[in-house]
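Following: one structure in structure tokens, then a few remarks.
What follows is calculated from the coordinates using simple rules that are stated; it is not laboratory data. Because the structure is predicted, anything quoted here is derived from the model rather than measured.
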Amino acid sequence: MFHIFKHELCLIFREPRFWIPFVIPPMIFAVSQMLAVSRYGGQVMAGMEGYMMLLLGCLMAPMGAPLAADCFAGERERKSLELLQLLPIKPSKLFWGKLLAVMPFPVVFAVVVQLAYWLGRPMIPKETALAAFIGAVSVALVVNAFTLLVSLRAKTVRAATQSVLFLVVPILLLVQMNYEVFLAGLTIPLITLAVSLLLVLIFVKIGLRRFVEM
């Protein structure tokens, strides 16, 4: 399992295209915000800092989808999935090696980008910022675990990545419609995190069973 984990990390750090989704969206977000403030004045952001922080984290969460999609759909596309299955290693360890190599990236990047935003907007209350952090982590875990599950069935990385859009759009709509309630305290964010962890366990269990049966 450690060998697979190390191999996946080497591929991620060696392939520049995997890093593009993590770098470009925050830059576009920052530039668009500066343009809005310079055009309409600082009043346009009054009371919206927490929402913008939550939205930024949730936008970063699905950016790791190409990594998760490449886990199995990429191997199938490169005609190397069968070779991996012939390795003298249990299928469960192979699955966990790939999973553990991919899942931390979207979570870490979402939190880092939100932290940078918070440092630039110190007026955001600590409780609001913590709620935004929890929301981003919850979304990142669910989206990327779901992508990994889709990757087991998809024939190409593109197909697996595009399938995740059906999950991302409703999440962003929920953020826009319910951000005030979500950021009002820590109760709802913690419940959301618990539900997301349960969904991740379900997705992983289904994915592991499917991979072992392949």
Whole-Å distance, taken between Cα centres, linking the range 146-214 and the range 46-89: 11
Long-range tail of P(r) for the range 73-214 (Cα pairs > 19 Å, %): 58
Linear extension gain, LEU115 paired with LEU172, 0.36 nm per residue minus alpha-carbon span: 18.5 nm
The range 68-194 - percent relative contact order, Cα under 8 Å, separation 6 or more: 39
